[in-house]
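Below: the structure, in structure tokens.
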Amino acid sequence: MSIRARYAPSPTGDLHLGSLRTVIFDWLLVHEEPDSSLILRVEDTDQSRVVPGALERQLQALAWMGVSPTEGVCLDEQGNVVEIGSYGPYTQSKRLEIYKKYADELVAAGKAYRCFCTTERLETMRAEQQANHLPPRYDRFCRSLTAEESAARAAAGESCVIRHAIPDNQEVKFTDQVRGEVLFQSNELDDYVLMKSDGYPTYQLANVVDDHLMEITHVLRGEEWLPSLPKNVLLYEAFGWTPPKFAHLPVILGPDGKHKLSKRDGDVSVIDYDQKGYLPDALFNMLAMIGWSPGTEEEFFTRDSLAKRFSLERVQKAAAVFNFQRLDYVNGWYIRQMQIGEVAERILPYLVAANLPAQAGNYLLTVAAAIQERLKHFDEAEEVAWFFFKRPEPNETLRGLLIPKKTDWEATQKHLRESMQVLQGLAEDQWVPDILDENLRLHIAMNNYKNLEVLWPIRAALTGVPASPGAFEMLSILGKEESLARLERAVSL
RNA sequence: GGCGCUAUCGUCUAGAGGCCUAGGACAUCUGGUUCUCAUCCAGAAAAUCACGGGUUCAAAUCCCGUUGGCGCUACCA
């Protein structure tokens, strides 16, 4: 079965984690299905909220994640926004005549009507309803206007909207792909607006018209849209169209589990995750496993195997809290699976941005190997690797750090001096972890020392931090000359 | 307030009437490896399956109710 799924963002801001999850589910749904498309349609019917550049940024974020649309509004190879496909235009502001045509059709058929009520009247009406503890709804004042009067007032240029004439006493039953059968009463529904007075359609109209005209088969959206499902279904009915399959996905909650994931919970903009050095595959895996699970005890999957297993029936119904700690764990796992060369490539920009004298080459490769298993995301590179490029500051803090527990500065100095003598005796080609290990351990064993009292000061003198790769590894990476220079600086504090 | 959705360890989840004295993962704690951190390995703690009723020989799983949570309630999407 060929599937036409669509992602329909408004260009009002950056791509959000929650929206990305929806696109990922769309992608998963479509990916293994032959002749299927992931269509991107721009819903810019509220011109006042359009943010210049937001659309490009959203498309870039999708490209970064590897879930770019295959039809509709896309980025070409030069990064320009273009429209691809034969169902266009795919931008709603370019489809205004289409919506007008269908809205007029509905008015002519008596399934929608012009409403001339002013904003002021609407406001006072709502205020009264609320004062009487009634649900705030349009009182259908204009629904009883005759066709002649309605047409005459419109022709005279009076400002109006078009409202959907919701039928009375009708049960609206619909089967949602994740929630099963849902039931609504038409009497609970408002005669909501289809066409605004500025000539733009509302989401409700544009969405239904476009999904139908673009032959969309599956609509995946957040569960916050569930209340508008009966309006949509009734509109499809009014047009005499068959609705697509709908799947209302559980919302993603912030860490407190009290509200939708939002800015105050940390970064929610997808491009922030790129900048912080998260891997697309890691975020993809993380997001795919929120609100859905493959039902096995495996944790990590390739996108293809995820797509093979994916089905809407297994989508969770309840909202889920986004676990940032787990994201770090997942990302760390993906980093550990990478080739050293890729890790080096990824950390370099962060080191350079921190003004460290880092450049591509063998040395960077060695550094990458040393820190790979310590990274959760790449923007930690400076924090865990600066001492490979810069000597620690010779100050009181460093001196304090050099001294292992239960010992003093004199003893530490003595150990450092003895170790330096051992190290001096090694030729540069012996300056590899195994040989360094062998010689220093021999030195420790012969003198009946403890590993800690000898090795800790070396590691600390070399790095200046409490946590780092081990002494032998640091010695071999820094090399004989630099290592001894750092040890000398430390011992003479 | 009204309407809708929802409910298994702190979190993400497995679970489609007996395999469940509820499994896995993250986080937490302990131990091992060890010069620190991280990795890796082993283990612990953690859910009276929201609560109350049914149905059934048998219920986390089916039904009803209650409660909590979330969402929506615009000429926004």
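Only the coordinates and a few stated rules stand behind these numbers; no lab work does. Bear in mind that the values here come from a model prediction, so they are computed numbers and not experimental data. Here the Cβ positions follow ideal geometry from the backbone for every residue, glycine too, while neighbour counts run over all protein chains shown.
For the pair the stretch A:211-233 and the stretch A:381-424, the centres of their Cα atoms are 64 angstrom apart. Stretched out straight at 0.36 nm per residue, the stretch from A:Thr12 to A:Ile84 would grow longer than its current Cα-Cα span by 23.7 nm.
Only beta bridges with both residues in chain A are counted; by DSSP, about 55 percent of them are antiparallel.
Simple point charges give the picture: +1 on the Cβ of Lys and Arg, -1 on the Cβ of Asp and Glu, and for chain A a dipole about the Cα centre of about 820 debye. When only Cα pairs below 8 angstrom with a gap of at least 6 residues are kept, the stretch A:396-491 shows a relative contact order of 41 percent. Would you kindly enumerate the cysteines in chain A that have no other Cys beta-carbon under 4.7 Å from their beta-carbon? If one checks each Cβ against the other cysteines of chain A, A:Cys74, A:Cys117, A:Cys160 turn up with nothing under 4.7 Å. DSSP beta bridges fully contained in the stretch A:95-249 are about 70 percent antiparallel. Residue ranges A:155-162, A:59-66 sort as A:59-66, A:155-162 when ordered by packing (mean number of other C-beta atoms within 10 Å per residue, highest first). Measuring how big the stretch A:185-339 is from its alpha-carbon positions, Rg and Dmax come out at 19.2, 61 Å. Mind running the shape call on the stretch A:396-491? Use the C-alpha gyration tensor, a ≥ b ≥ c as the square roots of the eigenvalues: rounded below 1.5 for a/c, prolate if a/b tops b/c, oblate otherwise. Taking the square roots of the gyration eigenvalues as a ≥ b ≥ c, the stretch A:396-491 is oblate. Report note on the peptides A:129-141, A:178-190: ranked by the mean count of other C-beta atoms within 10 Å, highest first, their order is A:178-190, A:129-141.
Please give the net charge around A:His212, taking every other residue with its beta carbon less than 14 angstrom from that of A:His212, where Lys and Arg add +1 and Asp and Glu add -1. Here the charged neighbours net out to +1. Label-to-label distance, A:Ala353 versus A:Ala108, with points set 7 angstrom from Cα along the beta-carbon direction: 5.8 nm. Counted over the stretch A:1-143, the DSSP beta bridges are approximately 35% antiparallel. Which values of log₁₀ I(q)/I(0), to two decimal places, follow from the Debye formula for the stretch A:95-249 at q = 0.12, 0.18, 0.19 Å⁻¹ with a uniform point scatterer at every Cα? So the normalised log intensities work out to -0.55, -1.17, -1.27. For the stretch A:351-418, the list of GluC sites (Glu not before Pro) that fall in a loop by DSSP and count at most 10 other C-beta atoms within 10 angstrom is empty. For the set A:Lys101/A:Lys260; A:Lys173/A:Lys260; A:Lys94/A:Lys308; A:Lys390/A:Lys414; A:Lys94/A:Lys317; A:Lys317/A:Lys376, the pairs lying more than 29 angstrom apart at their alpha carbons are A:Lys101/A:Lys260; A:Lys94/A:Lys308; A:Lys94/A:Lys317; A:Lys317/A:Lys376. Here the stretch A:338-388 is treated as a sphere whose radius is the Kirkwood value from Cα pairs; by Stokes-Einstein at 25 °C and 0.890 mPa s it diffuses with a coefficient of 235 µm²/s.
Put simply, the Cα atoms of chain A extend 107, 52, 41 Å along their principal axes, the longest span coming first. Modelled this way, with points 7 Å down the Cα-to-C-beta line, the labels at A:Ala318 and A:Glu297 are 2.2 nm from one another. So what is the relative contact order for chain A, in percent, with contacts set as C-alpha pairs under 8 Å and at least six apart? Relative contact order here is 12 percent. The charge dipole of the stretch A:95-249, taken about its Cα centre with unit charges on the Cβ atoms of Lys, Arg (+1), Asp and Glu (-1) only, comes to about 100 debye. Legend: translational diffusion of the stretch A:198-285 by Stokes-Einstein, Rh = Kirkwood radius over C-alpha pairs, 4 °C, 1.567 mPa s; D = 82 µm²/s.
Estimated purely from DSSP H runs of n ≥ 4, each contributing -39500 (n - 2.57), the mean residue ellipticity at 222 nm for chain A is -14000 deg cm²/dmol once divided by its residues. Based on C-alpha pairs under 8 angstrom that are at least 6 apart in sequence, the stretch A:125-207 has a relative contact order of 25 percent.
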